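The values are calculated or read from the model by the stated rules, or taken from the named source; none is laboratory data. Predicted, not measured: the structure shown is a model, and the values here were computed from it. Neighbour counts are summed over all protein chains in view; Cβ atoms, including those assigned to glycine, are modelled from backbone coordinates with ideal geometry. For the accessible areas, the whole protein counts, side chains as well, though only heavy atoms, and no ligand, DNA or RNA atoms are used. Shrake-Rupley method; radii C 1.70, N 1.55, O 1.52, S 1.80 Å.
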Amino acid sequence: MDHLETIATAPVLDLTPQDLDGLLDELRTFHAIFSPVLKRPEQREWSQTYLHGLLLELPRKSIEPMVLALRGADRNAVRAMQQFVSEGAWDDRAILQRLWSEIDADLGDDDGVLILDGSDFPKQGSESVGVKRQYCGELGKTANCQAGVFLAYASPQGYTLLDRRLYLPEEWIGDAAYAERRAACGVPDDVTFTTKPSLGWGMIEGVVQAATLRCRWVACDEGFGRDTTLLDKIAGAGLWYFAEVPHDTQIWQARPATAVPEWSGRGRKPTRERVVPDAPAPQSVAALARALPASAWSEQLIQEGSQGPQVAEFAFLRVIAVREGLPGPEVWLVLRRSLTDGELKTYLCNAPADLPQHRLVRTSAMRWPIETCFETGKQELGMGDYEVRSWRGWHHHMTLVILALAFLVRVQDRLKKTLRP
């Protein structure tokens with residue numbers, strides 16, 4: 001494999017809270033960036049305390065142990081912190097939007113990647129907002145959990161989380177039996193049932209409209225990539241999607257002819273174009289992959305996360321996507337096959353036809369940063385340790401975890417610059 005040039009993705013975040021001793025002044029400076037958004041002195045005080053608590057070495061980072069470590073056995077402080085997170089009327093959307101411009105200063109790149117993924121949180125009982133027996137990715141099975149949708153950012157400079165949404169199952173919105181729980185959890189009256197891809201689009205649209213963070217790509221797994229409405233919205237926003245899609249996704253290798261069928265003289269006159277009867281049928285991306293000759297595949301070496309360079313085979317074709325049974329946009333079909341177990345991954349991408357293929361290879365390996373963000377968040381920053389039950393509390397907690405992660409990223413970059421000869 002010596003002849004293969006390694007395609008780099010993003011540097012690994014390897015700083016942990018254990019490395020932060022003596023950096024409280026740095027944390028205060030970072031927190032002060034967001035002070036204008038926090039209008040009241042107690043909001044500024046408790047948000048800084050909460051951030052500090054998330055960055056401590058504690059086995060569990062729920063409110064009580066964090067307050068105990070920072071304020072001692074003070075029941076009033078515990079209640080004040082709970083009120084700040086669960087009920088406090090501070091604008092976490094404004095905090096996140098302020099953060100995006102900071103992330104652009106630290107990590108921003110014209111070829112930056114927005115990464116969309118879900119992360120779930122096992123929970124006991126039935127009182128927490130949005131909790132339900134549903135598939136839980138963290139456990140790999142159906143379990144009682146809350147489901148979150150998250151947006152991350154990655155570039156050659158690093159990666160971090162940007163935004164979060166709580167997914168509310170349909171029962172929580174439409175079932176009268178849940179009305180009491182919705183009220184108890186403070187779910188706003190204007191919240192309607194929203195699919196995970198639609199939640200994802202809301203976050204992407206927010207970043208695009210803010211126009212403070214440079215980005216070019218959106219990467220996602222097949223849970224989002226199968227949603228063609230989402231893909232078309234991403235394209236309409238001027239971004240390039242690189243979406244994993246199911247193996248049964250249908251495409252044409254060449255654009256088929258379409259026409260409005262002739263009217264038979266009976267019934268309603270046809271007005272919608274159809275694929276002409278003698279046009280070839282679309283085929284699945286997996287079938288197309290199987291039919292490719294060996295010469296269509298090339299080996300590529302990718303630096304993907306902390307595991308070291310990975311070798312995989314790639315093939316690239318321009319194909320026609322399907323939209324409601326009709327030919328849609330011309331896109332890249334990118335096929336990636338593992339050399340170890342033969343696993344095939346299939347992607348569709350709306351980048352231009354003349355884009356160099358090494359950029360497609362690189363982007364195929366740009367989902368691991370968000371998985372690492374979840375791992376760091378849950379293992380180091382108390383992302384899943386919250387004990388708040390309310391709608392506002394969940395979003396406030398996740399906002400502060402996102403800030404804590406961004407602080408880790410910023411400090412790691414500055415420490416490395418200080419240590420460089």
Using a ≥ b ≥ c from the Cα gyration tensor of region 201-312 (square roots of the eigenvalues), is it rounded, prolate or oblate, where a/c under 1.5 gives rounded and otherwise the larger of a/b and b/c decides, a/b for prolate? oblate
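Subtracting the Cα-Cα distance from 0.36 nm times the residue separation, let me have the gained length for Arg268 to Leu70 in nm, one decimal.
My answer for the length gained is 63.9 nm.
Find how much the distance from Val276 to Ala237 grows on full extension, using 0.36 nm per residue of separation minus their present alpha carbon separation; answer in nm with one decimal.
Answer, rounded to one decimal: 10.9 nm.
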Which cross-chain or sequence-distant (5 or more) residues have an amide H under 5 Å from the amide H of Asp163, H modelled 1.01 Å from N in plane? Leu151
Over the chain, relative contact order from alpha-carbon pairs under 8 Å, at least 6 apart, %: 22
Among 344-356, 48-60, what's the highest-first ranking by average C-beta atoms within 10 angstrom per residue? 48-60, 344-356
Suppose R0 equals 22 Å; then what is the FRET efficiency for Asp341 and Ser306 from their Cβ-Cβ distance, rounded to the nearest 0.05? 0.65
Per-residue counts of other Cβ atoms within 10 Å, averaged by peptide: what ranking do you get for 361-368, 295-302, highest first? 361-368, 295-302
Restricting to DSSP H runs of at least four residues, report the calculated mean residue ellipticity at 222 nm for the chain, -39500 (n - 2.57) per run over all residues, nearest 500 deg cm²/dmol. -11500 deg cm²/dmol
Cα-Cα over 27 Å: which of Lys61/Lys141; Lys123/Lys345; Lys196/Lys345; Lys39/Lys196? Lys123/Lys345; Lys39/Lys196
Within the chain, which complete DSSP H helices have Cα atoms spanning at least 30 Å along the helix axis and a mean Kyte-Doolittle hydropathy of 0.0 or higher? 391-419
Near Arg216, within a Cβ-to-Cβ distance under 9 Å, what is the net charge of the other residues, with Lys and Arg +1 and Asp and Glu -1? -2
Ordered by packing density, taken as the mean number of other Cβ atoms within 10 Å over each peptide's residues, highest first, how do 118-129, 172-183, 263-274 rank? 118-129, 172-183, 263-274
So what is the accessible area of the chain per residue, in Å², with the probe set to 1.4 Å? 47
Scoring only Lys, Arg, Asp and Glu (+1, +1, -1, -1) among other residues with Cβ under 14 Å from the Cβ of Arg182 yields -3
Cβ-placed point charges (K, R +1; D, E -1), dipole of the chain about Cα centre in debye, nearest 20: 840
Net charge near Met66: determine it from the other residues with C-beta under 13 Å of the C-beta of Met66, scoring Lys and Arg +1 and Asp and Glu -1. -2
Can you pull the percent of the chain's accessible area that's carbon plus sulfur, 1.4 Å probe, other chains left in place? 48
If amide H atoms are built 1.01 Å from N in the plane of the peptide, which residues on other chains or at least 5 residues away come under 5 Å of the amide H of Gly137? Asp120
Arg290 to Asp111: FRET efficiency via 1/(1 + (r/R0)^6), r the Cβ-Cβ distance, R0 25 Å, to the nearest 0.05? 0.20
Rounded to the nearest 10 Å², the accessible area of Cys215 using a 1.4 Å probe with every protein chain kept is 30
